[in-house]
Amino acid sequence: MASFFSDPVALSRMQFAMTAIFHMLWPVLTTGMAIYLIVIEGLWLKTRNIDYYHHARFWSKLYVLNFGIGVATGLPMAFQFGLNWAPFSESVGDFFGTVLGFEGTMAFMLEASFLGIMLFGWNRVPPPIHYLATILVAFGANLSTFWILSANSWLQTPAGGIFVDGKFVVQDYFKAIANPFMVNSFLHMFFATFETSLFVIGGISAWFLINKRNPNLFSKSLKVALATLLVVAPLQVFIGHLSAEQVYHYQPTKLAAMEAQWETVPAEARADWSLLALPNDKAEKNDFEIKVPGALSYLLELKPKLTEPVLGLKEWAPEDRPHMVGLVYYSFRTMIAIGMFLAALAVFTAFQWLRGNLVESEITNNKWLLRAWIFSAPLGYIAVEAGWIVRCVGRQPWIVYGELRTVESASNLPPGEILFSFSGLMLMYSVLFVAMLFFGSRIIRKGPNVDLPEPTVQLPRLVKAQHEPDSRPAEAQQ
Amino acid sequence: METSLDPLAKFLPQVWFFILGLFLFLYVLLDGFDLGVGILSLTSGSEERRGILMTSLGNVWDANETWLVLMGGSLFGAFPLAYATILNALYLPAVVMVVGLILRAVSFEFRENADNKLVWNITFGVGSFLAALGQGFALGSVFEGITVDADGHFAGGIFDWLTWRSVVVALTLIQAYVLVGSTYLILKTTGELQATHYKTAKLAAWTTLAGAVFITVSTPVFSEQLREHLLEPPLLYIFGIIPILGSVLVGLLLRSLYREEENTPIIWTFMLFALSFIGLGFVIFPQIIPPSVTIYEAAAAPSSLVFMLTFIGFLIPILLFYNIYNYIVFRGKIADENYGEV
């Protein structure tokens, strides 16, 4: 432990992990919910059913609560590369910094600027402009996901240039941006934020339904979420599978850690899938293990026997492979279990819908189903965090896979300085986390304001602007 | 070294120096009034007034703060060495700034939903103050210089940024933020509240002026490096002109404040900010890590700068356009706390 507190690399890693894990909690909801808000506002504009307007107002309260803290906790992320990872920043700045600059200018500014209109502009701009603001907020948020995932994928599968004396020289920017992991990683994260948000919306709606509060309103949001999830949740499982296959091809050390596979499974052999294990880093084996025979061969290649070997961790020297194998292994399994469970819940609920159990008179009686939805509300977050742990802890000991080591990338700062920022941020984040839960649940408990009148002020004005010459005589008569 | 550079390799870093300057200027201007309003809220005794102060920022603070993210990302891409070395040197002020910005950002929504609003008013004010303080020390280090080794890596101590002169710079910046915050509130409020901020604006105008004069006069006296730089011809003329223009603008600002004009004080203040910023730009250029690393040494590869310029360059007018549109939508006085419902 003493060595941990005096090791700037370990401290910087812990600080980055802590700030990243905490930051991740908020944009997940804002990026996903932004798309839902487009749908809801679109339904309102199309049907002019005021319920949808009340929905938009209610969910955007939760949205902005998350957005504020998302912006704020993003700042340490934007500066930490320079603060704690100066050699890394210098080495890969030509590409990595460029992408972060793009994220700020193209995506983040769009979201931040139009958010004001989306939240406070209901009575200040006509509905089409407001709708455009909502769309731009969602577009900006998801474009952020794209750039961040492109940058992170590049750390996993660097492309588009070469390392010369430890400095990355870009040869082709588009190749670097569209590196091998980029498409799947972006899609996986895009659907992760969307799915998590929909389950949060579904879970909160279920809570209102089980308490018989505004059932008319919240059966609508549950159904909109469910209908979307029916596509999103299974698709996410499939994209996750594609991502794992890519790891198999591009990052064998990570795959070995994900599967706690110490020994190599040669080609033409049957690979078992480990269901439960107790990995032991020191002994280089699993102290205990339950396996599903042959399942890994099917998962990776859809064949009973592999054509390519699955390399075991012992193929690499200890300094060339990830540690904390148990963390990677169980994070991976947690993510998969949640992904499967959520997809199954969506499909099961859809059957209930077909059977007519979700009509307004019946829906509040499905207590166990609604409880399952409430239980599912936080699961997406856990899956997302677990997935990122697999992705980034599994990438170790590399910061840029195969090219740049994490230990060579940390700033040589006095440990006390890092300890100061780490403990300060940790303390503040703990307080903020509790405060977020408190205020979030308060917004939910308070519920939607169903007395809020539609923003009709602007509609006549818009119509009036179009028919101005006609209205003049009428005014003159008054 | 500079003579061996071809014109493009010289021109591109200059363009990026200008763009980063623009981002930083917009940040200082916009988040400046934002932070200034936050600091002013600490002096407020009434819940209603604090509410109005925070409401006046509700729709703009996040976009204003985003200019800093833009600056950070673009600095990382365009001058990776500077991004790494400067943040290393300014580790503690940067952390204080970030902590301050987080505190004030969350205060908006927490206050909105809280029963005990005072707690979040205080975090808002204190957060704004800490953010301004951190930025002030960062600015101070421009005058103090950052110690680097032959490769341009930070080679100083963790408290290098803390000297009595950087304290003066930090306090002056805080005063300047209070000034621009006051003029923003003059623009956005009426009645008694507006009258209060005429007073704070006048006070802050004088204290900022005192600090600015002190910094301007003391810099050539205390900094050998900058003295040589400043007292040679092209810069010598510029430093003849800037104080004259500055005095004129200060005069116009004070006149508008004493005449209780509503819209002009913020304009004169913005122009004073611009003038100081241009002056600062001339002091630093062509350095990016004062006093020893130039933009040419710290720049990313030319292909990188071109690539970034292609995508970010054409976006700048669009960014400005929709930011201005946002201000137009929310123009006018703040009636009460319910900004969104009116």
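The values are calculated or read from the model by the stated rules, or taken from the named source; none is laboratory data. This structure is a prediction, so every number in the text was calculated from the model and none was measured. Quick reminder, even Gly has a Cβ in these numbers, built from the backbone with ideal geometry, and neighbours come from all protein chains shown.
So, in the range B:226-268, exactly how many residues are at pLDDT below 80, of a type in the set (D, E, K, R) and in a helix (DSSP H, G or I)? Final tally of qualifying residues: 2. In this structure, residue A:144 does not qualify as closer than 19 Å to residue B:330 by Cβ and crowded, with 20+ Cβ neighbours inside 10 Å. Residues in the range B:101-115: is at least one among the small types (Gly, Ala, Ser), part of a helix (DSSP H, G or I), in contact (Cβ under 8 Å) with a residue 60 or more places away in the chain and within 12 Å of chain A (Cβ to nearest Cβ)? Scanning the range B:101-115, I find no residue that is among the small types (Gly, Ala, Ser), part of a helix (DSSP H, G or I), in contact (Cβ under 8 Å) with a residue 60 or more places away in the chain and within 12 Å of chain A (Cβ to nearest Cβ), so the answer is no.
Hey, among the residues in the range A:86-120 that are over 24 Å from the mean Cα position of the chain (by Cα) and more than 7 Å from chain B (Cβ to nearest Cβ), which one's farthest from residue B:108 (Cα to Cα)?
Initial filter on the range A:86-120 (over 24 Å from the mean Cα position of the chain (by Cα)): A:86-94, A:117, A:120.
From the residues that got through so far, the ones that are more than 7 Å from chain B (Cβ to nearest Cβ) too are A:87-88, A:91-92.
Details: A:87: 36, A:88: 35, A:91: 38, A:92: 36 Å.
Of everything passing the filter in the range A:86-120, A:91 is farthest from residue B:108 (Cα to Cα).
Can you name every residue in the range A:379-388 that is touching a Phe, Trp or Tyr at 6+ places or on another chain (Cβ under 9 Å) and touching a residue at least 60 places away in the same chain (Cβ under 8 Å)?
Step one: of the range A:379-388, the residues touching a Phe, Trp or Tyr at 6+ places or on another chain (Cβ under 9 Å) are A:379-380, A:386-387.
Correct list: A:379, A:380, A:387.
Going by what's in this entry, would residue A:210 be described as β-branched (Val, Ile, Thr), farther than 23 Å from residue A:401 by Cα and surrounded by fewer than 24 Cβ atoms within 10 Å (Cβ to Cβ)? Spelling it out, residue A:210 is indeed β-branched (Val, Ile, Thr), farther than 23 Å from residue A:401 by Cα and surrounded by fewer than 24 Cβ atoms within 10 Å (Cβ to Cβ).
Looking at A:145, A:157, A:73, which is the one that is of a type in the set (Val, Ile, Thr), closer than 27 Å to residue A:396 by Cβ, at the interface with chain B (Cβ under 9 Å from one of its Cβ atoms) and under 22 Å from the mean Cα position of the chain (by Cα)?
Working: A:145 fails: at the interface with chain B (Cβ under 9 Å from one of its Cβ atoms); A:157 fails: at the interface with chain B (Cβ under 9 Å from one of its Cβ atoms).
Step by step, each of A:145, A:157, A:73 is checked, and only A:73 is of a type in the set (Val, Ile, Thr), closer than 27 Å to residue A:396 by Cβ, at the interface with chain B (Cβ under 9 Å from one of its Cβ atoms) and under 22 Å from the mean Cα position of the chain (by Cα).
Can we say residue B:271 is modelled with pLDDT of 90 or more and either aliphatic (A, V, I, L, M) or closer than 30 Å to residue A:455 by Cα (or both)? Considered against the rule, which asks whether it is modelled with pLDDT of 90 or more and either aliphatic (A, V, I, L, M) or closer than 30 Å to residue A:455 by Cα (or both), residue B:271 comes out as yes.
Can you spot a residue in the range A:132-142 that is over 22 Å from the mean Cα position of the chain (by Cα), modelled with pLDDT of 90 or more and within 12 Å of chain B (Cβ to nearest Cβ)? So that I can check it myself, show each step before the final result.
The first filter runs over the range A:132-142 and keeps only residues over 22 Å from the mean Cα position of the chain (by Cα), leaving A:132-133.
Now narrow it down to the ones that are modelled with pLDDT of 90 or more: A:132-133.
Within this subset, residues satisfying the condition of being within 12 Å of chain B (Cβ to nearest Cβ) are A:132-133.
There is at least one residue in the range A:132-142 that is over 22 Å from the mean Cα position of the chain (by Cα), modelled with pLDDT of 90 or more and within 12 Å of chain B (Cβ to nearest Cβ).
Residue-wise test of (1) of a type outside the set (A, V, I, L, M, F, W, C); (2) without any contact (Cβ under 8 Å) to a residue 60 or more places away in the chain.
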position: A:249; (1), (2): yes, yes
position: A:257; (1), (2): no, no
position: A:260; (1), (2): no, no
position: A:269; (1), (2): no, yes
position: A:278; (1), (2): no, yes
position: A:301; (1), (2): yes, yes
position: A:317; (1), (2): no, yes
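Could you list, in sequence order, the residues of the range B:189-204 that are surrounded by fewer than 24 Cβ atoms within 10 Å (Cβ to Cβ), assigned to a helix (DSSP H, G or I) and not acidic (Asp, Glu)? Passing the criteria: B:191, B:193, B:194, B:195, B:196, B:198, B:199, B:200, B:202, B:203. Listed residues B:54, B:71; which is more than 11 Å from chain A (Cβ to nearest Cβ) and either buried (at least 21 other Cβ atoms within 10 Å of the Cβ) or not in a helix (DSSP H, G or I) (or both)? On inspection, the qualifying residue turns out to be B:54. Going by the conditions given, is residue A:176 over 25 Å from residue A:29 (Cβ atoms) and over 14 Å from the mean Cα position of the chain (by Cα)? It is true that residue A:176 is over 25 Å from residue A:29 (Cβ atoms) and over 14 Å from the mean Cα position of the chain (by Cα).
Is there a residue being within 13 Å of another protein chain (Cβ to nearest Cβ), under 30 Å from residue B:196 (Cα atoms) and surrounded by 24 or more Cβ atoms within 10 Å (Cβ to Cβ) anywhere in the range B:26-43? Yes, the range B:26-43 contains at least one residue that is within 13 Å of another protein chain (Cβ to nearest Cβ), under 30 Å from residue B:196 (Cα atoms) and surrounded by 24 or more Cβ atoms within 10 Å (Cβ to Cβ). Any residue in the range B:86-98 that is facing another protein chain (nearest Cβ under 8 Å), over 26 Å from residue A:430 (Cβ atoms) and hydrophobic (A, V, I, L, M, F, W, C)? Within the range B:86-98 (the criterion being facing another protein chain (nearest Cβ under 8 Å), over 26 Å from residue A:430 (Cβ atoms) and hydrophobic (A, V, I, L, M, F, W, C)), the answer is yes, since at least one residue qualifies.
Just so you know, in the range B:75-85 the residues that are within 7 Å of chain A (Cβ to nearest Cβ) and of a type in the set (A, V, I, L, M) include one that is surrounded by the fewest Cβ atoms within 10 Å (Cβ to Cβ), and it is B:81.
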